[in-house]
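Student: Below is the structure I would like to discuss, written out as structure tokens.
The values are calculated or read from the model by the stated rules, or taken from the named source; none is laboratory data. Keep in mind the model is a prediction, meaning the values are calculated, not measured. Heads up, the Cβs are rebuilt from the backbone with ideal geometry, glycines too, and the neighbour counts pull from every protein chain shown. All accessible areas refer to the heavy atoms of the entire protein, side chains included, with ligands and DNA or RNA removed. Shrake-Rupley method; radii C 1.70, N 1.55, O 1.52, S 1.80 Å.
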Amino acid sequence: MTINKFQGKTKEEAIEKAKQELGESAVIMNVKEVKPKGIFRAFKSSTYEVTAAMEEREVSVSPMSALSAPKKMHDSISLAADEKIDIPPIARPIAKTEPILGPEQIKKAESSMKAERGAEAPREPDTNIEKRLDDLSTMLEKKLGVPKNPETEAAPVAQTPKSQSSEELNFVRVLYNTLINNEVNEKYVNQIMDEVEQFIKPGNSVDVILSNVYQKMILRFGRPETIRMTGRRPKVIFFIGPTGVGKTTTIAKIASKYKVEQDKKVAFITADTYRIAATEQLRVYANILDSPMSVVYSSEDLNAAIARMEDYDLIFVDTAGFSHKNENQRSDTKKLIDGTDVAFSKEVYLVLSATTKYKDLLDIIDIYKEIAPDFKLIFTKLDETSAYGNILNVKLYSGADLSYVTNGQNVPDDIEVFNTQKVVKQLLGGGR
């Protein structure tokens, strides 16, 4: 595969140069705006840099021949894609999470919030907690004036002292219903309500109360954890989870991030031999990224494949998706992970869909805890739901660290590190 960079005054001009040199079948891997530097940069215009790739050859592999091949077919497997695959251009780097405020910053926000609101200087939109709380408190203040109705009266809220005013009780009711409507489990909502009581007291404004609720929820989610690059090579990353959650596509997105943005050497291994389509899909991604791929059937095969890739930074292992009720496939996956040579550093990521029902998620967590007790969480299909409560539910139930979320099928764009502040804002009714 040939990978070159092209520059132009506009994005279109740079892409056109790439296609003129590499042909119309060139794959656009990245588009980056290059801003001028130096003391005269104000008088210069930005340029655009396009990273494009061209396959030098194509070798077709027949699925039927793969079926009839012996068990060790991966030793001579072709890495060429059977057909072209279009990957949208990388128009932007994967978003990073905003910094999470610590306990000392919470206290500082409470004491200085009113003074900062009175300042004349304009604020950048959505860049600090005060601006977010402005939006949320406005929403709550409007609802506080809504007359009570039998449905909200019947809602089970945390017990509050008799000395609290009707406005305070109404505030708790609105907050409770907002979390419930976002599908946060009632058990966790009541825990949050118990903490709210501590801040509902004379002299505390809605901003102060909401600020503390906001920070308490951020602390519940914790700091997101992604792949730890320790310098020890290779790092083996297992992806496990039910069928249909998007494991293979998620692997391609994360691998592209490290290959293109961080210039890491990545390789692929698949143990998903139950579906030919899964193997072919991963092979196409591996071919696009000019990375090796092996097919394995056992932990012995896996260790041998890793040993052949010892010069690579990251090895992504795709496992078979299966129903959490399938004991045989569950056992195979556990043997694969447990059988990995201790000489290799490994991490395990459980991939879940944000659209899965809460009860099913709990069953899945219980089963996969038996397979790999120490996993991190990736949630997919956030674009297919408007209620994010299950993310908090699973985090608190499993105790596992959150990692990435995906919000579409585009590789590699539709993925980001879990953004705690954005999700908390959504759960509190502040919108996306």
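Student: Can residue 404 be described as among the aromatic types (Phe, Trp, Tyr) and part of a helix (DSSP H, G or I)?
Tutor: no
Student: Kindly evaluate residue 44 against the criterion of being of a type outside the set (Gly, Ala, Ser), within 34 Å of the chain's Cα centre (by Cα), more than 30 Å from residue 275 (Cβ to Cβ) and at pLDDT 50 or above.
Tutor: Spelling it out, it is not the case that residue 44 is of a type outside the set (Gly, Ala, Ser), within 34 Å of the chain's Cα centre (by Cα), more than 30 Å from residue 275 (Cβ to Cβ) and at pLDDT 50 or above.
Student: Give me the residue from segment 333-365 that is part of a helix (DSSP H, G or I) and open to solvent by 70 Å² or more (accessible area, probe 1.4 Å) and, out of that set, nearest to residue 391 (Cα to Cα).
Tutor: Step one: filter segment 333-365 for residues part of a helix (DSSP H, G or I), giving 333-338, 358-365.
Right, trim to open to solvent by 70 Å² or more (accessible area, probe 1.4 Å) and you get 334-335, 338, 359.
On the way: 334: 25, 335: 28, 338: 27, 359: 13 Å.
Looking at the filtered set, the residue picked out is 359.
Student: Does segment 289-315 hold any residues that are among the aromatic types (Phe, Trp, Tyr) and farther than 15 Å from residue 336 by Cα, and which are they? So that I can check it myself, show each step before the final result.
Tutor: Kept after step one, since they are among the aromatic types (Phe, Trp, Tyr), are these residues of segment 289-315: 297, 312.
Selection gives 312 alone.
Matching residues to (1) in a loop (DSSP other than H, G, I, E, B); (2) aliphatic (A, V, I, L, M); (3) at positive phi; (4) free of Cβ contacts under 8 Å to residues at least 12 places away in the same chain:
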site	(1), (2), (3), (4)
369	no, no, no, no
379	no, no, no, no
386	yes, no, no, yes
390	no, no, no, no
393	no, no, no, no
397	no, no, no, no
413	yes, no, no, no
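Student: Residue check, residue 320 against (1) more than 26 Å from residue 256 (Cα to Cα); (2) in a loop (DSSP other than H, G, I, E, B), all met but one. Which one?
Tutor: Of the numbered conditions (1) more than 26 Å from residue 256 (Cα to Cα); (2) in a loop (DSSP other than H, G, I, E, B), the odd one out for residue 320 is (1).
Yes/no matrix, rows are residues, columns are (1) surrounded by fewer than 16 Cβ atoms within 10 Å (Cβ to Cβ); (2) aliphatic (A, V, I, L, M):
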| residue | (1), (2) |
| --- | --- |
| 256 | no, no |
| 270 | no, no |
| 306 | no, yes |
| 327 | yes, no |
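Student: Considering only strands (runs of 3 or more DSSP E) fully contained in segment 214-310, which possess at least 3 residues that are over 23 Å from the mean Cα position of the chain (by Cα)?
Tutor: Filter on segment 214-310 gives 293-295.
Student: OK, next. Hey, can you tell me all the residues within segment 399-432 that are small (Gly, Ala, Ser), within 22 Å of residue 181 (Cα to Cα) and surrounded by 20 or more Cβ atoms within 10 Å (Cβ to Cβ)?
Tutor: Residue satisfying the conditions is 430 alone.
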